[in-house]
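A short write-up of the structure that comes next.
The values are calculated or read from the model by the stated rules, or taken from the named source; none is laboratory data. None of these values were measured; they are calculated from a predicted model. Virtual Cβ from ideal backbone geometry, glycine too; neighbours counted across all protein chains shown.
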Amino acid sequence: MRYKLLGDRNFITKLMRLTFPIALQSLMLASVAAGDAIMLGRVEQNAMAAVSLATQVQFVQNMIISSVTGTVTILGAQYWGKGERPTVNDLFCMSIKICGIVSLLVAAACCFFPELLMYIFTDDAALVKIGAGYLRIAGVSYLLTGISQCYLTVMKISEHASRTALISSATVVLNIVLNAVFIYGLGMIPEMGANGAALATLLARLIELVWAVGSSYQKGYIHPEIRRFMHRNRLLAKDFGKCVLPLLGACLFWGIGFTSYTAIIGHMGGDAAAANSIAAVVRDLVCCMCNGIAAAGGILVGNELGAGHLQEGKIYGQRLAVISFIIGLLSTGLVLLVTSPVVKFMILTDQARAYLTGMMVIMAVYMIGRCVNTVIINGIFASGGDTLFDMYSLAVMMWCVAIPLAFAGAFYCHWSPLLVYACTCLDEVGKIPWVIYHFRKYKWVKDLTRTVQQAEI
């Protein structure tokens, strides 16, 4: 590597200053799923498995929301680096309109057709019944989350990442406390099980949204201006569409693909579904640091590219690529380290316990690819608008390799759940050589900003 990884203290300082709040926010969000799994797992295996399957609905929604907020991050970081605050506000308003519509549709589906949604992921009648009850309540929270994510995204790119971490941390702590109250019961509040977890999520998300909206009106923050909701910036909308469509394609490919993984494992029995739900929670917790590095690195690179400092942005990207491998190796070690404590702690059948042990070992290898690809694709490539690569790589590795193998193994070849699970992990590991090759083309080193008319209708 031509440039020393730690040769620029300013880079490291800025990266860490952004990474830790964003990683903390990611950790807090993952902790909600962890709290649900742990608390419900102590009550009943079926309740834990059903909620894990039910939340796949929000997972798909989050993929769509992520494509929108990801576009705001890409363009917003560059325009913020260029000093064009009004354009960032335009992007803010665009994201709220799109995310609001999507979230409303998802919430309506959860409230009115929960059983139909559950049958997508499992044919176990007991799991369908529990999951449907959860969705009827939690569905409303999905609407709130879609809006709050727009506010939190704009805070991150406008140098208020610490506030997003504070809001997310506080609401997650509240969610976990309310989980304990509603799942197990307290005083006059009856034991509600899975429905209690849904109610806790709804109340916590309401607090999160109110807090985020209130923060946006403080001095130094950006809040959506009503007139920008009513008018459309055509040039910016065109650039937004060019960025969001590849991201949407990639997010849907990845989101539906991951949901397919869950559905395939879910149809292999309650033991396999329960083990997979716990493995997914561990995976999401361990991935928090690479998610933080990817988001922070993308903002830093985007700031430099938007300011016209292309060479500096290139150097930042090179350093981030090295860091991605380091984080990947550390994550592998962490998964292996926590495997035994996690397996011993959860109340599972002997078969589910055996499945979980095997899944954790397989996941340890998977983490190298996941960390490298997250930082480079979602952070570095995205910062310069190089968003098509992600969609192409997912189309090949996930949809042409991993999913067909897992599907065939589960329903035609009758492989063991562990072998099927290993198939679902092939895509991230297999992409590494392709990602490195594309990285060295430096197509992502690009200034996406332009002079836009702020009041254009």
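Of everything in segment 325-345 that's among the β-branched types (Val, Ile, Thr) and in contact with a helix residue (DSSP H, G or I) (Cβ under 8 Å, 6 or more places away or on another chain), which residue is nearest to residue 294 (Cα to Cα)? Filtering segment 325-345 for residues that are among the β-branched types (Val, Ile, Thr) and in contact with a helix residue (DSSP H, G or I) (Cβ under 8 Å, 6 or more places away or on another chain), the one nearest to residue 294 (Cα to Cα) comes out as 327. Residues of segment 394-419 that are touching a residue at least 40 places away in the same chain (Cβ under 8 Å), surrounded by fewer than 22 Cβ atoms within 10 Å (Cβ to Cβ) and farther than 18 Å from residue 266 by Cβ: 395, 399. The set of residues in segment 250-266 that are modelled with pLDDT of 85 or more and over 25 Å from residue 23 (Cα atoms) comprises 260, 261, 264, 265. On the basis of being at pLDDT 95 or above, more than 17 Å from residue 291 (Cα to Cα) and either surrounded by fewer than 23 Cβ atoms within 10 Å (Cβ to Cβ) or under 19 Å from the mean Cα position of the chain (by Cα) (or both), does residue 348 make the cut? When the stated conditions are applied, residue 348 does not pass them. Here residue 299 fits the description: within 23 Å of residue 71 (Cα to Cα), at pLDDT below 90 and among the β-branched types (Val, Ile, Thr). Need the failing condition index for residue 312 against (1) closer than 26 Å to residue 386 by Cα; (2) acidic (Asp, Glu); (3) surrounded by 19 or more Cβ atoms within 10 Å (Cβ to Cβ), just the number. For residue 312, the failing item is (3).
Every residue in segment 104-158 that is assigned to a helix (DSSP H, G or I), more than 30 Å from residue 90 (Cα to Cα) and either in contact with a strand residue (DSSP E or B) (Cβ under 7 Å, 6 or more places away or on another chain) or β-branched (Val, Ile, Thr) (or both), please.
120, 128, 130, 137 - these are the residues of segment 104-158 that are assigned to a helix (DSSP H, G or I), more than 30 Å from residue 90 (Cα to Cα) and either in contact with a strand residue (DSSP E or B) (Cβ under 7 Å, 6 or more places away or on another chain) or β-branched (Val, Ile, Thr) (or both).
Within segment 114-143, which residues are among the small types (Gly, Ala, Ser) and surrounded by fewer than 23 Cβ atoms within 10 Å (Cβ to Cβ)?
To start, the set of residues in segment 114-143 that are among the small types (Gly, Ala, Ser) comprises 125-126, 131-133, 138-139, 141.
Answer for segment 114-143, where residues must be among the small types (Gly, Ala, Ser) and surrounded by fewer than 23 Cβ atoms within 10 Å (Cβ to Cβ): 125, 126, 132, 133.
For beta carbons closer than 7 Å, sequence separation of 6+ or different chains, a first residue in segment 118-141 that is over 15 Å from residue 192 (Cβ atoms) and a second that is part of a loop (DSSP other than H, G, I, E, B) and of a type in the set (S, T, N, Q), the qualifying pairs are 128/122. The residue list 376, 293 contains one member that is in contact (Cβ under 8 Å) with a residue 60 or more places away in the chain, surrounded by 24 or more Cβ atoms within 10 Å (Cβ to Cβ), among the aliphatic types (A, V, I, L, M) and under 21 Å from residue 430 (Cα atoms), which is 376. When 210, 244 are checked against the criterion of being under 24 Å from the mean Cα position of the chain (by Cα), in contact (Cβ under 8 Å) with a residue 60 or more places away in the chain and not in a loop (DSSP other than H, G, I, E, B), 244 stands alone in meeting it.
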